[in-house]
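*Asks:* Submitted below is the structure of interest, expressed as structure tokens.
The values are calculated or read from the model by the stated rules, or taken from the named source; none is laboratory data. Given the structure is predicted, the values throughout are model-derived calculations rather than measurements. All Cβ positions, even for glycine, are placed from backbone atoms using ideal geometry, and neighbour counts span all protein chains on display. Areas reflect the complete protein model, heavy atoms only, side chains present, ligands, DNA and RNA absent. Shrake-Rupley method; radii C 1.70, N 1.55, O 1.52, S 1.80 Å.
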Amino acid sequence: MSAAKIKKGDNVVVLSGKDKGKHGVVTQALPKDGKVVVAGINVITRHVKPSQANPQGGLDRREAPLAVSKVAIEDPKTGKPSRVRFEVRDGKKVRVAVKSGEVING
């Protein structure tokens, strides 16, 4: 799936990997890299040295980018993964879930 079909704020379902089956919201889209960042998904731990900004240091947990091919849009009707199609409705180009034919907001 191309990065243009998934945008910031979309509800997505993870199709493969350690977080398979989980649902989340896209917080950042990286179309040049073909990746997306999903809230609460693909969380990594970084060891952070103490600094002036963070005098305590410690473990920093953050979401890492995920390949766009590993996620699919959540169908607005059923909540299951669906592919995306572009259609012209009422003179506007809109994204449509292939499974149900529902328009995807955003």
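*Asks:* How do the pairs read when you match residues in region 22-48 that are without any contact (Cβ under 8 Å) to a residue 24 or more places away in the chain and of a type outside the set (A, V, I, L, M, F, W, C) with residues anywhere that are surrounded by 18 or more Cβ atoms within 10 Å (Cβ to Cβ) and not in a strand (DSSP E or B), using Cβ under 6 Å and keeping only pairs 6 or more apart or on different chains?
*Replies:* Lys22/Ile41; Gly24/Ile41
*Asks:* Next up: Please determine, by comparing only the residues of region 1-12 that are of a type in the set (Gly, Ala, Ser) and part of a loop (DSSP other than H, G, I, E, B), which one is farthest from Val103 (Cα to Cα).
*Replies:* If we take residues in region 1-12 being of a type in the set (Gly, Ala, Ser) and part of a loop (DSSP other than H, G, I, E, B), then Ser2 is farthest from Val103 (Cα to Cα).
*Asks:* Kindly state which strands (runs of 3 or more DSSP E) lie completely within region 53-106 and contain at least 1 residues that are of a type outside the set (Val, Ile, Thr) and surrounded by fewer than 15 Cβ atoms within 10 Å (Cβ to Cβ).
*Replies:* Result: 58-63, 84-89, 92-97.
*Asks:* In addition: What is the residue count in region 13-50 for residues that are in contact with a Leu (Cβ under 9 Å, 6 or more places away or on another chain), open to solvent by less than 40 Å² (accessible area, probe 1.4 Å) and either under 24 Å from Arg85 (Cβ atoms) or part of a loop (DSSP other than H, G, I, E, B) (or both)?
*Replies:* Adding up the residues that qualify gives 6.
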